[in-house]
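What follows is calculated from the coordinates using simple rules that are stated; it is not laboratory data. As the structure is a computational prediction, the values presented were derived from the model and not from experiment. FYI the Cβ positions are ideal-geometry reconstructions off the backbone, even for glycines, and counts take in every protein chain you see.
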Amino acid sequence: MSARRDGANRSSRIAGFHRRSPAERLDLVAAFAGLDDAEVAHLADMGNLPVVLADHMIENVVATMNVPIGIATNLKIDGEDVLVPMATEESSVVAAVCNAGRQSYDGGFTTSVSGTLMIAQVQAVDVPDPHAARLRLLERRDDIKAICDACDPLLLKIGGGFRDLEVRILDTAGGAMLVTHLIVDTRDAMGANAVNTMAEAVAPRIAEWSGGRVFLRILSNLADRRLARARAVWTTDAIGGAGVRDGIVSAYHFAEADPYRAATHNKGIMNGISAVVLATGNDTRAVEAGAHAYAARNGRYASLTHYEIDAGGNLCGSIELPLAVGLIGGATKIHPTAQACLKILGVSTAERLARIVAAVGLAQNFSALKALATTGIQAGHMGLHAQNVAMMAGAIGEEIDAVARRLVEQKAVRIDVAQAILADLRR
Ligand code: NAD
């Protein structure tokens with residue numbers, strides 16, 4: 001029997017909520033929030049993600065969130081043409097990548113990676129002799145390697161596993177800490193679960209050998225042993241002249257010098273990167289955290305990209321950032337949309353995926369800087385933004401384009417104007 005949907009029951013203490021089915025949970029939420037039948041039916045439609053799958057991916061599932069996937073065209077990466085699926089709710093992001101790709105298509109993007117190494121940290125406190133303890137741990141390298149590798153025979157079999165050991169002494173407000181880094185090749189997996197398991201397995205021995213107490217055992221999202229890089233050259237002819245080129249370089253210098261600008265500069269880069277990371281079922285937060293931490297690695301938050309003018313007067317753009325993305329693990333393997341997107345990309349290794357993602361980040365940034373240094377970004381944004389505003393005003397079907405067109409013509413992309421235009425159209 002359905003719960004009352006009048007919003008009268010406003011307690012968030014719902015016993016056994018997690019044991020209910022998604023439909024039963026939705027009914028309870030509807031009662032809490034006073035959702036009507038149409039709203040409940042909308043949420044209950046899980047689209048192309050099977051309910052059973054969704055219910056096993058996270059806790060307390062009641063619905064799914066659809067985000068559009070657009071395809072970035074014009075991209076040639078390491079000599080190979082690729083179509084890149086991008087999942088994003090933000091307009092202009094996909095178009096920006098297509099535009100940058102078109103303007104650099106002849107040379108395309110050249111990419112590389114530093115490897116597929118992840119770092120797990122084990123924190124030991126109250127170590128009486130941190131310097132000597134550090135050496136005791138380093139002397140146990142082979143034992144530590146054996147414990148780590150025993151955790152994941154499958155990873156070992158496909159050429160991954162423990163690679164190195166580092167032990168750092170951190171001076172903290174709580175005294176000296178001994179922080180052990182397990183450096184693990186996680187191959188085609190992002191590797192969080194893989195290295196976390198190793199960190200937990202090795203922790204009791206670290207406590208024993210260091211003489212301290214172990215607390216945290218988890219990966220670092222500053223995956224600086226898993227850098228992806230991309231570069232591209234834009235001729236002045238292709239981008240509209242030396243003035244545009246110089247404007248882009250100046251915008252880069254601004255971001256290098258000013259964290260207020262760099263935050264927005266890098267946010268634009270992540271517009272591209274997170275969209276591909278999400279479309280492939282990878283962990284957007286892990287990649288975002290790694291990117292921003294890397295951007296601050298020299299003590300001041302700065303740009304993830306660089307722009308220079310080469311000897312021939314061309315604009316050279318480059319990017320380098322940690323990209324812990326995989327083809328195995330997390331949602332990558334189980335989400336049918338992620339699987340289809342990986343097939344569109346045609347990638348068979350995590351390395352190739354990371355290289356493509358880096359190229360998309362650079363492409364995004366190039367287009368954003370070009371727009372900012374010339375016409376401003378609003379001109380490009382307004383077309384799609386006007387459509388959103390038209391929909392917010394209640395436009396449906398063919399009305400959406402008609403209202404949006406008139407909003408742009410009138411140079412007043414506002415909801416009140418959209419409502420007036422819609423009323424006029426319907427008259
Ligand atoms: P996973 O544990 O699901 O899969 C990795 C495992 O797959 C490997 O350990 C290996 O045994 C096996 N495998 C099979 N074929 C492989 C191949 N070709 N290459 C590599 N491994 C192969 O996933 P994971 O990548 O260890 O963890 C990713 C998940 O962890 C993501 O969902 C992420 O959101 C989550 N997570 C993230 C954080 C964080 O970023 N701080 C923390 C915890 C969990």
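Taking the Cα centre of the chain as the origin, how large is its charge dipole in debye, to the nearest 20, when only Lys and Arg (+1) and Asp and Glu (-1) carry charge on their Cβ atoms? Kindly include the intermediate steps, with their values, before the conclusion.
Working: 42 positive and 46 negative charges, 76 e Å.
Its charge dipole is roughly 360 debye.
Please list, in order along segment 106-114, the HN-Hα scalar couplings obtained from phi with the Karplus expression 6.51 cos²θ - 1.76 cosθ + 1.60 (θ = phi - 60°), rounded to whole Hz, x for Gly and Pro.
Going residue by residue, I get 4, x, x, 9, 10, 10, 7, 9, 8 Hz, with x marking Gly and Pro.
Enumerate the amide H contacts of Ser303 below 5 Å, restricted to partners 5 or more residues apart or on another chain; note that Pro and chain-start residues carry no placed amide H.
For Ser303, the qualifying residues are Glu256.
Multiply the residue gap between Thr349 and Thr235 by 0.36 nm, knock off their C-alpha separation, and tell me the result in nm, one decimal place. The partial results should precede the final answer.
Details: separation 114, 0.36 × 114 = 41.04 nm, distance 3.16 nm.
Result: 37.9 nm gained on full extension.
Sort 11-22, 301-312 by the packing proxy (mean of other Cβ within 10 Å over each peptide's residues), most packed first. Walk me through the intermediate numbers first.
Working: 11-22: 10.3, 301-312: 16.6.
Top of the packing list down: 301-312, 11-22.
Provide the packing ranking of 52-60, 286-294, i.e. peptides ordered by the mean count of other C-beta atoms within 10 Å per residue, highest first. Numbers along the way, then the final one.
Values: 52-60: 12.6, 286-294: 20.4.
My ranking of the peptides, most packed first, is 286-294, 52-60.
Extending each Cα 7 Å along its Cβ direction at His56 and Thr374, get the distance between those two points in nm, one decimal.
5.0 nm
With an 8 Å Cα cut-off and a minimum separation of 6 or more residues, compute the relative contact order for segment 21-85 in percent. Display every interim value, and only then the final one.
Details: 51 pairs, mean separation 18.4, N = 65.
Taking the mean separation of contacting Cα pairs over the length of segment 21-85, I get 28 percent.
Considering only DSSP states other than H, G, I, E and B, which trypsin sites (Lys or Arg not before Pro) in segment 268-315 qualify as loop sites with at most 12 other Cβ atoms within 10 Å? Show your work: numbers first, answer last.
Values: sites: Arg285, Arg297, Arg300; in loops: Arg297, Arg300.
Answer by residue number: Arg297, Arg300.
Which value in deg cm²/dmol, rounded to the nearest 500, describes the helix-derived mean residue ellipticity at 222 nm for the chain, given -39,500 (n - 2.57) per DSSP H run of n ≥ 4 and division by the residue count? Spell out each step's value before the answer.
Numbers: 17 runs with 209 residues, N = 427.
Value at 222 nm, helices only: -15500 deg cm²/dmol.
For Asn193 and Gln410, FRET efficiency with R0 = 56 Å and r from the beta-carbon atoms, rounded to 0.05? Could the numbers behind the result be given before it?
Working: r = 54 Å, r/R0 = 0.96.
Efficiency, from the Cβ-Cβ distance: 0.55.
How much length would be gained if the chain were fully extended between Asn66 and Glu39, taking 0.36 nm per residue of separation minus their Cα-Cα distance, in nm to one decimal? Present the calculation step by step, with values, prior to reporting the outcome.
Working: separation 27, 0.36 × 27 = 9.72 nm, distance 1.50 nm.
Computed gain between Asn66 and Glu39 is 8.2 nm.
If we count every other residue with Cβ under 14 angstrom of Arg300's Cβ, Lys/Arg +1 and Asp/Glu -1, where does the sum land? Before the final figure, lay out the partial values.
Numbers: positive: Arg261, Arg297; negative: Glu256, Asp258.
Summing Lys and Arg as +1 and Asp and Glu as -1 gives 0.
Which of these, Gly281, Gly313, Gly175, has the largest mean-square fluctuation under a Gaussian network model of the chain (Cα springs below 10 Å)?
So, out of Gly281, Gly313, Gly175, the one fluctuating most is Gly175.
Ranked highest first by average number of other Cβ atoms within 10 Å, how do 109-116, 330-337 line up? Show your work: numbers first, answer last.
Working: 109-116: 19.4, 330-337: 17.6.
Highest to lowest by the protection proxy: 109-116, 330-337.
Tally the DSSP beta bridges in the chain and give the antiparallel ones as a percent, rounded to 5. Spell out each step's value before the answer.
Working: 49 of 51 bridges.
Just about 95 percent of them are antiparallel.
At 30 Å minimum axial length over the Cα atoms and a Kyte-Doolittle cut of -1.0, report the qualifying DSSP H helices in the chain, or say none. Provide the component values of the computation, followed by the final result.
Details: long enough: 350-373 (34 Å, 0.86).
Those that pass (Cα extent of 30 Å or more, hydropathy at least -1.0) are 350-373.
At 7 Å along Cα-to-Cβ for each site, give me the label-to-label distance between His18 and Asp78 in nm.
4.1 nm
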